[in-house]
Amino acid sequence: MKLKQLTSLLVASGFAAVGSYAQAAELEITVQNLTRGIYFTPILVSAHVPEHHLFSVGQLPGSDIQAMAEGGDISGLAASAMAMNADNAENPAAGLLMPAASTTTMLSTSDGNTALSVVAMMLPTNDGFIGLDAWPIPQEPGTYTIYLNAYDAGTEANDEIRGGGAPGVPGMPVPPPLEDLVGTGGSGVTNVINSGFVHIHPGSLGDDDAAGGHSDINNTVQRWLNPVAMVTVTVSE
């Protein structure tokens with residue numbers, strides 16, 4: 001085969017492959033919390049065009065990322081995704097997703113929405129969140145598993161002190177049922193924002209002093225290692 005003919009064949013095959021990923025799909029999506037003592041705020045699951053991103057590692061976070069990562073508010077991210085004609089499933093757990101628990105949602109995707117993203121704030125953290133960024137949805141029916149890391153939005157210092165909950169307000173939100181699980185009286189781990197971009201979360205330090213010390217996080221319960229969540233996607237026939 002001549003080089004020109006081979007090149008034409010590869011280009012044609014490439015266009016065929018791209019076209020095959022432009023079909024609608026029926027998805028069953030399960031998000032499982034893999035941590036021992038971390039809770040996830042309301043989860044946003046979004047199927048969207050590959051060019052759209054709910055967040056991007058190494059990039060500056062927008063106000064919608066800040067609202068999600070500091071206070072668990074997914075409404076801004078959901079609205080921006082919908083503006084791109086995304087197919088969203090919001091808050092499938094109907095509240096906080098407890099440690100070791102899982103939640104399942106069904107999602108029917110539209111033509112062209114071939115990338116899947118998942119985000120939710122992690123509690124207790126200052127601006128930590130679980131994240132899946134524009135994962136290509138397979139065309140082939142089957143069950144697929146993705147492990148998610150913890151990310152730091154880079155918008156707030158990780159002082160590990162209870163409080164906050166609103167963008168720009170220092171401290172970790174501590175809603176029920178975390179009230180009795182998070183300490184008080186910590187002096188603060190740091191008041192410095194080490195970066196202004198989204199990056200892998202460095203983890204919580206914590207301490208063993210529930211009424212003082214440098215942190216309000218329990219270092220034997222609320223520390224974690226990546227991955228922090230597992231997403232199982234079943235693509236129907």
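Here are some notes:
- Of Thr184, Thr234, Thr190, all but one fail to be outside any loop (DSSP other than H, G, I, E, B) and of a type outside the set (Phe, Trp, Tyr); the exception is Thr234.
- Per-region count, the range 110-120, residues more than 14 Å from Ile29 (Cα to Cα) and crowded, with 22+ Cβ neighbours inside 10 Å: 3
- Breaking point among (1) out of contact with any helix residue (DSSP H, G or I) (no Cβ under 8 Å at 6 or more places or on another chain); (2) closer than 29 Å to Thr109 by Cβ; (3) surrounded by 19 or more Cβ atoms within 10 Å (Cβ to Cβ), for Asn226: (3)
- Considering Thr125, Thr155, the condition of being in contact (Cβ under 8 Å) with a residue 12 or more places away in the chain, farther than 18 Å from Leu97 by Cβ and of a type in the set (S, T, N, Q) is satisfied by Thr155 alone.
Yes/no per residue for (1) touching a His at 6+ places or on another chain (Cβ under 9 Å); (2) aliphatic (A, V, I, L, M); (3) under 28 Å from Ile193 (Cα atoms):
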{"residue": "Leu34", "(1), (2), (3)": "no, yes, yes"}
{"residue": "Ile43", "(1), (2), (3)": "no, yes, yes"}
{"residue": "Phe55", "(1), (2), (3)": "no, no, yes"}
{"residue": "Ala67", "(1), (2), (3)": "no, yes, yes"}
{"residue": "Met84", "(1), (2), (3)": "yes, yes, no"}
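- Tally, over the range 121-133, of residues that are crowded, with 19+ Cβ neighbours inside 10 Å, under 20 Å from Ala81 (Cα atoms) and either among the aromatic types (Phe, Trp, Tyr) or touching a Leu at 6+ places or on another chain (Cβ under 9 Å) (or both): 4
- Identity of the residue in the range 103-141, assigned to a loop (DSSP other than H, G, I, E, B) and of a type in the set (Val, Ile, Thr), that ends up nearest to the chain's Cα centre (by Cα): Thr125
- In the range 57-74, the residues that are in contact (Cβ under 8 Å) with a residue 60 or more places away in the chain and part of a helix (DSSP H, G or I): Ser63, Ile65, Gln66, Ala67, Met68, Ala69, Glu70, Gly71
- Single residue of the range 1-46 satisfying the filter (aromatic (Phe, Trp, Tyr) and modelled with pLDDT under 50) that is surrounded by the fewest Cβ atoms within 10 Å (Cβ to Cβ): Phe15
- Candidate set: the range 154-199, residues that are of a type in the set (D, E, K, R) and modelled with pLDDT of 95 or more; chosen: the one surrounded by the fewest Cβ atoms within 10 Å (Cβ to Cβ): Arg162
- Any hit, the range 118-139, residues being modelled with pLDDT under 95 and not β-branched (Val, Ile, Thr): yes
- Of the residues Leu77, Leu54, the single one that is in contact with a strand residue (DSSP E or B) (Cβ under 8 Å, 6 or more places away or on another chain) and either free of Cβ contacts under 8 Å to residues at least 24 places away in the same chain or not in a loop (DSSP other than H, G, I, E, B) (or both) is Leu77.
The values are calculated or read from the model by the stated rules, or taken from the named source; none is laboratory data. Keep in mind the model is a prediction, meaning the values are calculated, not measured. Cβ coordinates were reconstructed from backbone atoms using ideal geometry, including for glycine residues, and neighbour counts include every protein chain displayed.
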